[in-house]
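The values are calculated or read from the model by the stated rules, or taken from the named source; none is laboratory data. Being a predicted model, the structure only gives us computed values, none of them experimental. No Cβ is skipped: glycine too gets one built from the backbone with ideal geometry, and neighbour counts run over all protein chains shown. The protein model used for the area step is the full one, side chains on, heavy atoms only, and it has no ligands, DNA or RNA in it. Shrake-Rupley method; radii C 1.70, N 1.55, O 1.52, S 1.80 Å.
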Amino acid sequence: MAAATVEGAPDLGERFVLEDLLGAGTFGRVYRATDRRYGMDVALKVLLGFEPEVLRLFKAEFRALAHVSHPNLVTLYELHSFGEQWFYTMEHVAGATLKRWVRNERPTFDALRSALLQMGSGIAALHEAGLLHRDIK
């Protein structure tokens with residue numbers, strides 16, 4: 001039995017049940033998943049393709065970010081492979097993207113300012129670690 005409920009999702013073994021596709025980009029797809037071992041929701045980033053250089057960059061991304069800890073950044077958990085499929089798990093934060101939140105909720109100026117300050121604080125933590133985020137949502 002494949003542990004995925006999302007159409008077209010990769011088979012990642014029995015440990016993870018893929019629940020929803022959260023986003024997709026050039027490098028990979030991010031799913032909301034249930035980690036059966038720990039009984040918790042996680043976000044799971046799956047590498048698209050298996051080119052050696054892309055895999056090297058994917059692993060480097062995980063290793064660089066796994067050591068950065070900040071209240072305004074998700075926590076990375078584990079790097080995995082299942083067959084030839086590579087992926088990593090990270091903290092799942094329920095909610096909307098900034099763009100969706102602004103469109104749907106029409107936050108007050110103070111709420112928006114607070115959100116942007118929090119986002120800036122997380123980005124600053126990445127910069128202090130010598131990293132650059134290239135996909136801010």
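The table below gives the values:
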| item | result |
| --- | --- |
| Odd one out for L76, checked against (1) surrounded by fewer than 17 Cβ atoms within 10 Å (Cβ to Cβ); (2) of a type outside the set (S, T, N, Q); (3) in contact with a Phe, Trp or Tyr (Cβ under 7 Å, 6 or more places away or on another chain); (4) at pLDDT 95 or above | (1) |
| Residues located in region 40-55, provided they are open to solvent by 50 Å² or more (accessible area, probe 1.4 Å) and modelled with pLDDT under 95 | L48, G49, F50, E51, P52, E53 |
| Odd one out for L55 among (1) over 14 Å from the mean Cα position of the chain (by Cα); (2) among the aliphatic types (A, V, I, L, M); (3) outside any helix (DSSP H, G or I) | (3) |
| Unmet criterion (only one of (1) open to solvent by 60 Å² or more (accessible area, probe 1.4 Å); (2) assigned to a strand (DSSP E or B); (3) among the basic types (K, R)) for R37 | (2) |
| First in region 94-122 and touching a residue at least 12 places away in the same chain (Cβ under 8 Å) and over 24 Å from A33 (Cβ atoms), second anywhere and open to solvent by 60 Å² or more (accessible area, probe 1.4 Å) and among the hydrophobic types (A, V, I, L, M, F, W, C), Cβ under 8 Å, 6 or more apart | A115/W101; M119/I136 |
